[in-house]
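The values are calculated or read from the model by the stated rules, or taken from the named source; none is laboratory data. Not measured: the values here are computed from a predicted model. We place every Cβ from the backbone using ideal geometry, glycine too, and count neighbours over all the protein chains shown. Note: accessible area is taken over every heavy atom of the protein model, side chains too, but ligands, DNA and RNA are not part of it. Shrake-Rupley method; radii C 1.70, N 1.55, O 1.52, S 1.80 Å.
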Amino acid sequence: MFSLSRFLRPFALMIAGVLALQFGQSMAQLYLPTLLSDIVDTGIVKGDIDYIWRIGMLMLLIAGLGTICAILATLLAARVSTGLGRHLRTAVFAQVSRFSLHEFDKLGTATLITRTTNDINQVQQVWQIIMVMMITAPIMMIGGVIMAVSKDATLSLIFVVAVPILALTITLIALRAVPLFRAMQKKIDKLNLVLRENLTGIRVIRAFNRSEYEKQRFTAANADLTATAIKVNRTMALLFPILLLVMNFTTIAIIWFGGIRIDSGGMQVGDLIAFLQYAMQIMWSLLMVSMLFIMVPRAQASSVRINEVLNMQPDITDPAQAQTPTGEHGLVEFRNVTFSYPGAEQPALCDISFTARPGEVVAIIGGTGAGKSTLVNLIPRFYDIDSGNILVDGVDVREMDQETLRAKIGFVPQQAVLFTGTVAENVRYGKEDATDDEVRDAATIAQALDFVTAMPEGFDSLIAQAGANLSGGQKQRLSIARALVRRPEVYIFDDSFSALDFKTDARLRRALRRETTQATVIIVGQRVTTIMDADRILVLDEGSIAGQGTHKELLQTSEVYREIVASQLSEEELVA
């Protein structure tokens, strides 16, 4: 379970310093009204100017020390709260990095972004306020009551009426605000989701002239969030007027009844002034507590959402005793593998068995939804299978360390993903210590050298976010170069040639043949021309293998394959 204490442990010394400084500040503030009453009742009444100067200088000294304590406490509290925010963001990011694709599907990208930014900011801000007020407010309130009673116990009965009213008001408003703050964080998630879809899908939106519709979607989500925020603010806005009203009436009551006590000789003027100062300290302490009640409910809602991420156990974890592969390097085996997506009515893959050996090119083809991408996503263990075994180098992938497993694989996803940075940095993403020659060789094999050298700064040219300044084919070729540069034992190309023209596709496949003679190559393809030269072709149909063999063998034995080929090739091409 998530524990805040482990994140605060590195700041224990600072927290102790904050508490000590706040204690010093509180003691200074509590002592000043007593000194003031002494000046009024002793120095002024007796006309002792030296006494006034002496006590006045002492008051200045104490006030100065209290101010220094307050400044240092605020500084340390800021360092602790920002450090806590940094640690939380790091922990959430690290936890999300361990998630399998199932956890991403379950939570969603938009809410993970909100939880890593907005929610942690809420916790960070409220913790800073707690650090500043956690000692000051209670000491000032309790100490103020004690000092006020010591000045005049009878007049202190005013607090018996005022304090419960304030406490009840704060409690009722907090109970009303907590559900609204939870709802508000969910509506921020919704707003982020709509905004993210608009930004990532801007080309589709404009192509179909749906800008007005998307504006309406965003306006609706924004209005929903605004309405909830207004409701929260209206609720919280009741707090300060009520507090100020009670404070002012308390002040009037103290002056009224204090004046009567002075007139009857039961109280001195200095004591009344000190009593009034203590009353203000008590009230302001309650006001500080009310500020906590304003922010704590929202931070509480945010902390629940953060905990949900930190306490979520990834479906895919490393085994306690990981096995080290000792078998044939690059050997991939599927043994009666069945896999279902969570909540699916039927398996996405059913009883899949085949073997891919080093030096062999295995292609996978099938209709839309046949399970091609699902199959190759199981090899790097993006998902865990329901039954059966997937072995790499003779070891079940569930018995291997994930880092060790994925170091053996060069994976090129269906959708080319590039990162902000230079061309060379994106290629080196596959191998951090790759030399310039290795980067250039990988780009050459991937048929990317021509367009890279044509760019203004060659391999040092900047790639925009998500590769926005490159075409689809260029992004695919750089993704392939990224896999090639690491020289893995197993290459997986998940429909990675779809954006290439036939000429570039053919050149790239020939270059790959020469480069991957010692590695296992698994290609998912939609085009028959991309996979027809493979050593073995697997034909998937509704999650099952409908046939496997070479191109010529499948033309004779597989009806599904013949239908795919007939839909793409003419009779002349088929005969050739």
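A few notes on this one:
- In region 334-381, the residues that are among the small types (Gly, Ala, Ser) and either more than 19 Å from PRO488 (Cα to Cα) or free of Cβ contacts under 8 Å to residues at least 24 places away in the same chain (or both): SER340, GLY343, ALA344, ALA348, SER353, GLY366, GLY367, GLY369, ALA370, GLY371, SER373
- Listed by position, the helices (runs of 4 or more DSSP H) contained in region 43-145 that have at least 1 residues being in contact with a helix residue (DSSP H, G or I) (Cβ under 6 Å, 6 or more places away or on another chain) and not hydrophobic (A, V, I, L, M, F, W, C) are 49-98, 109-114, 120-133.
- Test result for LEU331, under 23 Å from GLU489 (Cβ atoms), within 33 Å of the chain's Cα centre (by Cα) and open to solvent by less than 60 Å² (accessible area, probe 1.4 Å): no
- GLN281 at negative phi, of a type in the set (S, T, N, Q) and either part of a strand (DSSP E or B) or more than 35 Å from the chain's Cα centre (by Cα) (or both): yes
- Meets criteria (open to solvent by 20 Å² or more (accessible area, probe 1.4 Å), of a type outside the set (A, V, I, L, M, F, W, C) and over 22 Å from GLU399 (Cα atoms)) for GLY367: yes
- Any chance GLN447 is closer than 18 Å to ALA466 by Cβ and of a type in the set (S, T, N, Q): no
- Among the residues of region 439-455, the ones that are in a helix (DSSP H, G or I) and either of a type in the set (Ser, Thr, Tyr) or within 35 Å of the chain's Cα centre (by Cα) (or both) come to 6 in all.
- LEU478 over 28 Å from GLY549 (Cα atoms) and open to solvent by less than 40 Å² (accessible area, probe 1.4 Å): yes
- Failed condition for ARG261, given (1) out of contact with any Asp or Glu (no Cβ under 9 Å at 6 or more places or on another chain); (2) touching a residue at least 60 places away in the same chain (Cβ under 8 Å); (3) within 30 Å of PRO164 (Cα to Cα): (1)
- Number of the exception - GLY56 against (1) at pLDDT below 80; (2) farther than 25 Å from GLY24 by Cβ: (2)
- Count of region 490-521 residues which are in contact with a strand residue (DSSP E or B) (Cβ under 9 Å, 6 or more places away or on another chain) and either among the basic types (Lys, Arg) or closer than 15 Å to VAL376 by Cα (or both): 11
Let's see how each residue does on (1) at pLDDT 80 or above; (2) open to solvent by 10 Å² or more (accessible area, probe 1.4 Å); (3) within 36 Å of the chain's Cα centre (by Cα):
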{"site": "THR109", "(1), (2), (3)": "no, yes, yes"}
{"site": "VAL123", "(1), (2), (3)": "yes, yes, yes"}
{"site": "PRO138", "(1), (2), (3)": "no, yes, yes"}
{"site": "MET147", "(1), (2), (3)": "no, yes, no"}
{"site": "PHE159", "(1), (2), (3)": "no, yes, no"}
{"site": "ILE165", "(1), (2), (3)": "yes, yes, no"}
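- Residue that is farthest from MET291 (Cα to Cα), among those in region 92-107 that are open to solvent by 20 Å² or more (accessible area, probe 1.4 Å) and either aliphatic (A, V, I, L, M) or under 9 Å from the mean Cα position of the chain (by Cα) (or both): LEU101
- The lone exception for SER373 - which of (1) assigned to a helix (DSSP H, G or I); (2) in contact with a helix residue (DSSP H, G or I) (Cβ under 8 Å, 6 or more places away or on another chain); (3) open to solvent by 20 Å² or more (accessible area, probe 1.4 Å) it fails: (2)
- Hits in region 341-357 (condition: crowded, with 18+ Cβ neighbours inside 10 Å and part of a loop (DSSP other than H, G, I, E, B)): PRO347, ALA348
- Residue list for region 482-508, filter: free of Cβ contacts under 8 Å to residues at least 40 places away in the same chain and surrounded by 24 or more Cβ atoms within 10 Å (Cβ to Cβ): PHE497
- Region 152-175 residues that are over 18 Å from MET267 (Cβ atoms), paired with ones that are at pLDDT 80 or above and buried (at least 20 other Cβ atoms within 10 Å of the Cβ) (beta carbon under 7 Å, 6 or more apart): ALA162/THR250
- The residues of region 184-214 that are of a type in the set (Lys, Arg) and surrounded by 13 or more Cβ atoms within 10 Å (Cβ to Cβ), listed by number, are LYS186, LYS187, LYS190, ARG196, ARG210.
- Scoring ASP318 on the criteria (1) within 30 Å of ALA148 (Cβ to Cβ); (2) modelled with pLDDT of 75 or more; (3) not aliphatic (A, V, I, L, M) leaves a single failure, condition (1).
- From the options ALA253, ALA237, residue that is touching a residue at least 24 places away in the same chain (Cβ under 8 Å) and open to solvent by less than 70 Å² (accessible area, probe 1.4 Å): ALA253
- Scanning region 384-427 for residues that are crowded, with 16+ Cβ neighbours inside 10 Å, in contact with a Lys or Arg (Cβ under 8 Å, 6 or more places away or on another chain) and either more than 30 Å from GLN321 (Cβ to Cβ) or of a type in the set (Asp, Glu) (or both) yields a count of 6.
- In a residue-by-residue description of region 61-75, the property of being over 43 Å from the mean Cα position of the chain (by Cα) and open to solvent by 80 Å² or more (accessible area, probe 1.4 Å) applies to at least one position.
- Within region 270-324, the set of residues being crowded, with 18+ Cβ neighbours inside 10 Å and acidic (Asp, Glu) comprises ASP271 only.
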